[in-house]
1. For the chain, take the longest principal axis of its alpha carbons; what is the angle in degrees between that and the long axis of helix 4-17, to the nearest 10 within 0 to 90?
2. What number, in percent, do you get for the relative contact order of the chain if the mean sequence gap of Cα pairs under 8 Å and at least 6 apart is divided by its residue count?
3. Can you work out D for region 15-91 in µm² s⁻¹ from Stokes-Einstein, where Rh is the Kirkwood radius over C-alpha pairs, the temperature is 37 °C and the viscosity is 0.692 mPa s?
4. May I ask for the angle, rounded to the nearest 10°, between helix 59-75 and the longest principal axis of the chain, with both axes built from Cα atoms and the value confined to 0 to 90°?
5. If you roll a 1.4 angstrom probe over the protein chains with everything in place, what fraction of the accessible area of the chain belongs to carbon and sulfur, to the nearest %?
6. What's the angle, to the nearest 10 degrees (0 to 90), between helix 20-49's Cα axis and the longest principal axis of the chain?
7. At 0.36 nm per residue, minus the direct Cα-Cα distance, what do Arg47 and Phe27 gain on full extension? Give it in nm, one decimal, please.
8. How would Thr38, Thr9 rank on accessible area, largest to smallest, probe 1.4 Å?
Amino acid sequence: MIAPSSASTLAWLMAVSGGFLYLVSVFVIARLVAYGATSAALIALRRRDGPAPVAIPGGPAIAAAALLCCVAIAFSTSWVAVRDVAIALALAAAA
């Protein structure tokens, strides 16, 4: 986990290094990773564990549509921002 002083330093560096639109792109891509992972996990868990205790009509189809939307939005953003988020995720995974 990042110490509070390190986190604030990292946030300050990001704020001064890029423009507002770049930071918004990075934020959106980071949120898409979380939403896409949740949608993919829902599909995988329903396959592995069977039907949900409280079934929602079209649940897997909704999850697949959400995953496709996340991918489509990610493809429409700046590749520099996508690369930077991928680097940040790799560094976080390594730490």
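The values are calculated or read from the model by the stated rules, or taken from the named source; none is laboratory data. Because the structure is predicted, anything quoted here is derived from the model rather than measured. Methodologically, a virtual Cβ is constructed for each residue, glycine included, from the backbone with ideal geometry; neighbour enumeration extends over all protein chains shown. Heads up: the accessible areas ignore ligands, DNA and RNA and are worked out on the full protein's heavy atoms, side chains in. Shrake-Rupley method; radii C 1.70, N 1.55, O 1.52, S 1.80 Å.
1. 80 degrees
2. Relative contact order here is 36 percent.
3. For these conditions, the coefficient is 236 µm²/s.
4. It is inclined by approximately 30 degrees.
5. Result for the chain: 77 percent of the exposed heavy-atom area is carbon or sulfur.
6. Orientation of helix 20-49: about 30 degrees from the principal axis.
7. In short, 4.1 nm is gained.
8. Result of the area sort, largest leading: Thr38, Thr9.
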